[in-house]
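Reviewing the structure listed below.
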Amino acid sequence: MNDILPGEVETWQFLEAAARRVFSLHGFSEIRVPVVEKTELFSRSIGETTDIVEKEMYTFQDKGGNSLTLRPEGTASVMRALIEHKLYARDPLNKLFYLGPMFRHERPQKGRYRQFHQIGVEAVGVDHPSIDAQTLAMLSHFADEIGLRDLDLQLNSLGCPVCRPDYREQLLTFLQERLDALCDDCRRRYQTNPLRVLDCKVAGCREATHEAPAMLDHLCKDCDDHFSAVRSYLDGLGTSYSVNKRMVRGLDYYTKTTFELVTGQLGAQNAVAAGGRYDGLVKQLGGPELPGIGFAMGVERLFLLLEGSRCEATKPDVFLAALGEKARREAFNRMHHLQRRGIRAEMEYQTKSLKAQMRRADKLGARFVLILGEDELTRGVAQLRDMADSSQREVELARLEEVFVPSPNPAATDATCA
């Protein structure tokens with residue numbers, strides 16, 4: 001688990017602000033769910049035999065003897081909230097997004113921590129291929145918005161309960177003849193979740209399963225038509241993608257459309273975002289039979305991809321430099337009133353020379369410095385220094401608030417990346 005420090009957090013704020021902006025343009029609303037849920041929620045939704053449930057969840061008992069778990073992913077919690085609050089009764093289509101920490105006890109590595117953060121979206125209530133295409137196009141829109149390039153949006157279909165069982169049997173037959181060539185994890189997955197064998201990153205497993213049957217070649221007509229329609233909508237939008245027959249998901253609830261946004265810049269852990277359709281999940285958790293689709297992005301991985309960019313924190317509009325105790329008290333009061341008007345103002349709180357205060361203003365990146373001394377205070381004026389060109393002029397204190405334009409939204413983060 002790691003800290004996010006000043007100098008880094010600005011990039012996080014940039015990503016979060018971009019997500020809120022893009023997702024809201026596509027009609028998605030933010031939802032906030034607890035970081036702790038009943039363990040049963042995740043074992044029912046993710047699947048008892050997945051690596052997450054078997055090895056990675058942080059699970060504990062509370063004082064009442066209830067088994068609780070720090071959420072390892074966001075979809076199950078959002079579905080629980082949708083069912084509990086009957087959001088589907090308000091609107092047949094719920095388009096939601098979330099931001100926050102997740103927890104998995106796995107081996108830490110670059111871009112992956114035991115407390116990690118995700119930005120995710122869920123669209124519940126419609127099974128038409130167009131909502132799949134909108135979700136995928138929105139993901140592409142977000143990537144463009146934050147300046148990511150050279151990404152590959154990979155698609156596959158995992159079929160449905162009608163066509164997947166037959167495919168699973170064919171895959172088991174194929175894998176049975178190659179068990180000796182598989183790693184220990186894949187031999188275990190062969191018994192519990194054979195599709196995950198296709199997702200193994202071990203070179204020997206990938207070679208052994210190179211000619212494995214693909215789900216995409218065994219779809220029923222409904223799933224095949226759905227996947228074809230999704231691609232047709234994306235083609236119409238001009239959203240680029242590729243088809244990856246080997247791509248599977250690590251969670252049991254996925255059906256039909258699955259996808260990953262992949263980069264070549266992060267090594268083996270190359271997925272920036274991943275998701276898919278989960279038409280049976282809401283019913284499985286005790287709600288009505290509602291289809292859904294969604295994805296999640298790892299913020300730590302996005303941060304790594306933006307490390308070469310320069311995300312700057314907001315800078316003061318004005319730095320107030322005071323000479324003398326009386327002037328410092330006046331500067332302190334003026335700073336407060338400017339801040340209340342939405343103007344970013346800062347000052348030196350200790351007794352320092354004018355030269356030291358100017359250095360501080362320059363370090364903070366202040367656009368202007370307002371110099372206030374005993375003489376200026378007596379005359380009701382101050383000296384305004386433009387830090388860009390070092391020009392200086394006298395301004396009246398009584399009209400000071402007219403000099404500065406309030407920031408568009410000083411309460412919100414507007415850090416920029418270049």
Any pair with Cβ under 7 angstrom, 6 or more apart, that starts in region 323-347 at a residue that is in the same structural domain as Gly380 (by TED's automatic domain parsing) and touching a residue at least 12 places away in the same chain (Cβ under 8 Å) and ends at one that is surrounded by fewer than 19 Cβ atoms within 10 Å (Cβ to Cβ) and hydroxyl-bearing (Ser, Thr, Tyr): Gly342/Ser407; Ile343/Ser407; Arg344/Thr314; Arg344/Ser407
Collect the residues in region 139-176 that are of a type outside the set (S, T, N, Q) and free of Cβ contacts under 8 Å to residues at least 40 places away in the same chain, keeping them in residue-number order. Asp144, Arg149, Pro165, Arg168, Glu169, Leu172, Phe174, Leu175
Tabulated pairs, region 395-406, first assigned by TED's automatic domain parsing to the domain that holds Arg367, second of a type in the set (Lys, Arg) and at pLDDT below 90, C-beta under 6 angstrom, 6+ apart or interchain: none
Candidate set: region 13-44, residues that are among the acidic types (Asp, Glu) and assigned to a helix (DSSP H, G or I); chosen: the one nearest to Met138 (Cα to Cα): Glu16
Residue ID - surrounded by the most Cβ atoms within 10 Å (Cβ to Cβ), chosen from residues in region 1-50 that are at pLDDT 95 or above and polar (S, T, N, Q): Ser24
Let me spell it out: the conditions are (1) over 21 Å from the mean Cα position of the chain (by Cα); (2) surrounded by fewer than 22 Cβ atoms within 10 Å (Cβ to Cβ), and Met215 meets all of them except one. Which number is the exception? (2)
Among the helices (runs of 4 or more DSSP H) lying completely within region 109-192, list those that include at least 3 residues that are under 30 Å from Gly236 (Cα atoms). 129-145
Going through region 337-351 in order, the residues found to be surrounded by fewer than 20 Cβ atoms within 10 Å (Cβ to Cβ) and at pLDDT 95 or above are Glu346
Would you call Glu300 part of a loop (DSSP other than H, G, I, E, B), more than 21 Å from Gln383 (Cβ to Cβ) and either among the charged types (D, E, K, R) or out of contact with any His (no Cβ under 9 Å at 6 or more places or on another chain) (or both)? no
Spot the failing condition for Arg168; the list is (1) touching a Leu at 6+ places or on another chain (Cβ under 8 Å); (2) over 20 Å from Gly298 (Cα atoms); (3) crowded, with 19+ Cβ neighbours inside 10 Å; (4) not hydroxyl-bearing (Ser, Thr, Tyr), and only one is missed. (3)
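Restricted to region 378-393, and to residues that are within 18 Å of Asp317 (Cβ to Cβ) and among the hydroxyl-bearing types (Ser, Thr, Tyr), which residue is surrounded by the most Cβ atoms within 10 Å (Cβ to Cβ)?
Going through region 378-393, the residues within 18 Å of Asp317 (Cβ to Cβ) turn out to be 382-393.
Filter once more, keeping what is among the hydroxyl-bearing types (Ser, Thr, Tyr): 390-391.
Working: Ser390: 7, Ser391: 9.
Only one residue tops the list, namely Ser391.
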Restricting attention to region 301-342, the residues that are in contact with a helix residue (DSSP H, G or I) (Cβ under 8 Å, 6 or more places away or on another chain) and of a type outside the set (Asp, Glu) number exactly 21
Among the candidates Asp375, Asp414, Asp317, single out the residue that is at pLDDT 90 or above, surrounded by fewer than 19 Cβ atoms within 10 Å (Cβ to Cβ) and not basic (Lys, Arg). Asp375
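From Tyr233, Tyr254, Tyr241, which residue is in contact (Cβ under 8 Å) with a residue 12 or more places away in the chain and within 25 Å of Glu37 (Cβ to Cβ)?
Tyr254
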Specify which of the listed residues (Leu370, Leu354) is in contact with a strand residue (DSSP E or B) (Cβ under 7 Å, 6 or more places away or on another chain), buried (at least 20 other Cβ atoms within 10 Å of the Cβ) and modelled with pLDDT of 95 or more. Leu370
Residue in region 86-104 that is at pLDDT below 95, surrounded by 15 or more Cβ atoms within 10 Å (Cβ to Cβ), among the basic types (Lys, Arg) and not in a helix (DSSP H, G or I) present: yes
Within region 290-301, does at least one residue satisfy the condition of being farther than 18 Å from Lys363 by Cβ and not assigned by TED's automatic domain parsing to the domain that holds Ala133? no
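The values are calculated or read from the model by the stated rules, or taken from the named source; none is laboratory data. The model shown is predicted, which means the values in this text are computed figures rather than measured ones. For neighbour counting, all protein chains shown are included, and Cβ atoms are generated from backbone atoms with ideal geometry for every residue, glycine included.
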